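Data first, discussion second: the structure below is written as structure tokens.
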Amino acid sequence: MSQAAPVPAPFIVAALYQFREVADPAALRDRLLELGRAHDLCGTLIVASEGLNGTVAGQREGITALRAFLHGEGFTQLEDKESTAAVRPFRRFKVRRKAEIVTLGVPVSPREQVGTYVGSAEWNALLDDPDTVVIDTRNRYEVRAGTFQGAVNPQIDSFREFPAWLDAHVDDLAGKRVAMFCTGGIRCEKSTSLLLQRGFTDVLHLRGGILRYLEDVPQEQTRWDGECFVFDGRVTVGHGLAQGGAVMCHSCGWPLDEHERQHPAYEEGVSCSHCAGQTTDAQKAAFRERQRQFDAGQI
């Protein structure tokens, strides 16, 4: 009698960041690349003089080795959230050196000046407080997948646009308590620092972001509507950080639910109702070829 094949171990997905001074980002990048390749990690890390940010996945021993390495490099206060994926959530491992570990585009000092952290257990009270303005600092396609009930959506296409949005709404927010949130917390480190820099005094943000909230708060107590967009092959996650039901349009990046995938404009890897009219026939043909190669395992 043949034995059943063993169930593959799930991939451990670690989303982590820390702001701290890095004297030689290029050298850190090279050491991380070597470690990642040695342990067959996948995902992307960003290193800059201001710190490190990224999401990586691998088997348990590889993620443990990464954390031990980072701790030895002085990253002893990582904001670190762990989940799992049934299949490899990234194609390859990359370490990029950039000017910022999350790009705001204006100088702020999150290591010296940052908003007050609010834990998951206290977040619902802020959402219910009529005197608090709660702002979603993420991009519009992320908000499309899900957001907190009553949150303000700035309708931005990149985090770089947030300072301009703030400039346009500074009078509306003047004198109010402002609470902000994002996927894992890093964008709010900079957005709250920016508000404090601009003279706001009562500024808060969700510690660990949406991911920690979905991990900590029971579904029957949630103020979250929808799913949370994540930047890996799972596309979205729900409560308990279980994989969601969305599929990404690889043309425009929008997370598509089952209803949207029934739209006549949807073609896997090519287009959806959000972008079908914005690409040429030649571009669609290139997308079809890319999808063909992907289906054939050539990329």
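Please treat every number below as a calculation from the coordinates, not as lab data. Source: prediction; values computed, not measured. Here the Cβ positions follow ideal geometry from the backbone for every residue, glycine too, while neighbour counts run over all protein chains shown.
When ranked by the protection proxy of mean other Cβ atoms within 10 Å per residue, highest first, what sequence do the peptides 208-214, 45-51 form? Write down the numbers at each step before the final one.
Numbers: 208-214: 23.3, 45-51: 21.3.
So the order, starting with the most tightly packed, is 208-214, 45-51.
Out of these labelled values of Cα Rg over 2.2 N^0.38 Å, (1) 1.05; (2) 1.23; (3) 1.15, which was calculated from the coordinates shown here?
(1)
Determine the dipole magnitude for the stretch 100-219: charges of +1 sit on the beta-carbon of Lys and Arg, -1 on that of Asp and Glu, nothing else is charged, the reference point is the Cα centre, and the result goes in debye to the nearest 20. Intermediate results must be reported in sequence, preceding the final value.
Numbers: 12 positive and 17 negative charges, 56 e Å.
In total the dipole reaches around 280 debye.
Under 25 Å Cα-Cα from LYS176, which lysines qualify once same-chain neighbours fewer than 8 residues away are excluded?
LYS190
For GLU268 paired with THR201, estimate the spin-label separation in nm (one decimal), with each label point 7 Å from Cα along the Cα-to-Cβ line.
Output for this residue pair reads 5.8 nm.
Where the centroid of each part is defined by its Cα atoms, how far is the stretch 82-122 from the stretch 228-296 in Å?
Spelled out, the Cα-based centre of one part sits 24 Å from the other.
Decide, for the stretch 216-265, between rounded, prolate and oblate: order the square roots of the alpha carbon gyration tensor eigenvalues as a ≥ b ≥ c, take rounded if a/c falls under 1.5, and otherwise choose prolate if a/b is larger than b/c, else oblate.
On the way: a/c = 3.09, a/b = 1.90, b/c = 1.63.
It is prolate, given that a/c is not under 1.5 and a/b is the larger ratio.
Add -39500 (n - 2.57) for each DSSP H run of 4 or more in the chain, then divide by its residues: what number comes out at 222 nm, to the nearest 500 deg cm²/dmol?
Working: 9 runs with 93 residues, N = 299.
Calculated from helices alone, the mean residue ellipticity at 222 nm is -9000 deg cm²/dmol.
Return the aspartates and glutamates within reach of LYS284: Cα separation strictly under 20 angstrom, same-chain partners fewer than 8 residues apart disregarded; answer none if there are no such residues.
Counting by Cα, and skipping residues close in sequence, LYS284 has these aspartates and glutamates nearby: GLU260, GLU267, GLU268, ASP295.
Taking the stretch 207-299, which GluC sites (Glu not before Pro) meet the DSSP loop condition and have no more than 16 other C-beta atoms within 10 Å? Please list the in-between numbers first.
Working: sites: GLU215, GLU220, GLU227, GLU258, GLU260, GLU267, GLU268, GLU289; in loops: GLU227, GLU268.
Taking the stretch 207-299 and a limit of 16 other Cβ atoms within 10 Å, the loop GluC sites (Glu not before Pro) found are GLU268.
Determine the shape class of the stretch 71-189: with a ≥ b ≥ c the square roots of the Cα gyration tensor eigenvalues, call it rounded for a/c under 1.5, and otherwise prolate if a/b is greater than b/c, oblate otherwise.
Cα axes put the stretch 71-189 in the prolate bin.
Lysines within cross-link reach of LYS94: Cα-Cα under 20 Å, excluding same-chain residues under 8 positions apart?
Within the straight-line cut-off, LYS94 pairs with LYS81.
Quick one: dipole size for the chain, taken about the Cα centre, charges +1 on Lys/Arg Cβ and -1 on Asp/Glu Cβ, in debye to the nearest 20. Walk me through the intermediate numbers first.
Details: 33 positive and 40 negative charges, 203 e Å.
Dipole size: approximately 980 debye.
Along the positive direction of the dipole of the chain (beta-carbon charges: Lys, Arg +1; Asp, Glu -1; about the Cα centre), which of TYR17, LEU194, ALA145 reaches farthest?
TYR17
Taking 0.36 nm per residue of sequence separation and subtracting the Cα-Cα distance, how much length would be gained by fully extending the chain between VAL87 and VAL170, in nm to one decimal? Intermediate values should be presented prior to the final figure.
Numbers: separation 83, 0.36 × 83 = 29.88 nm, distance 4.42 nm.
Here the segment from VAL87 to VAL170 would lengthen by 25.5 nm.
What full-extension length gain, to one decimal in nm, is calculated for GLN149 and ARG20 as 0.36 nm per residue of separation minus the Cα-Cα distance? Don't skip to the end; give the middle numbers.
On the way: separation 129, 0.36 × 129 = 46.44 nm, distance 3.34 nm.
Once the chain is fully extended between GLN149 and ARG20, it gains 43.1 nm.
To the nearest 0.05, how large is the calculated FRET efficiency for GLU34 and ASP128 if R₀ is 41 Å and r is the Cβ-Cβ distance? Intermediate values should be presented prior to the final figure.
Numbers: r = 49 Å, r/R0 = 1.19.
So, using R0 = 41 Å, E works out to roughly 0.25.
What are the ³J(HN,Hα) couplings of the stretch 208-217, residue after residue, when phi is run through the Karplus curve with 6.51, -1.76, 1.60 and θ = phi - 60°? Round to Hz, x for glycine and proline.
Computed from phi, the couplings for the stretch 208-217 are x, x, 4, 4, 5, 4, 5, 7, 8, 8 Hz.
If each residue of separation counts as 0.36 nm, what is the full-extension length gain between ASP157 and ALA68 once their alpha-carbon separation is subtracted? Could the numbers behind the result be given before it?
Working: separation 89, 0.36 × 89 = 32.04 nm, distance 3.54 nm.
Length difference between fully extended and current span is 28.5 nm.
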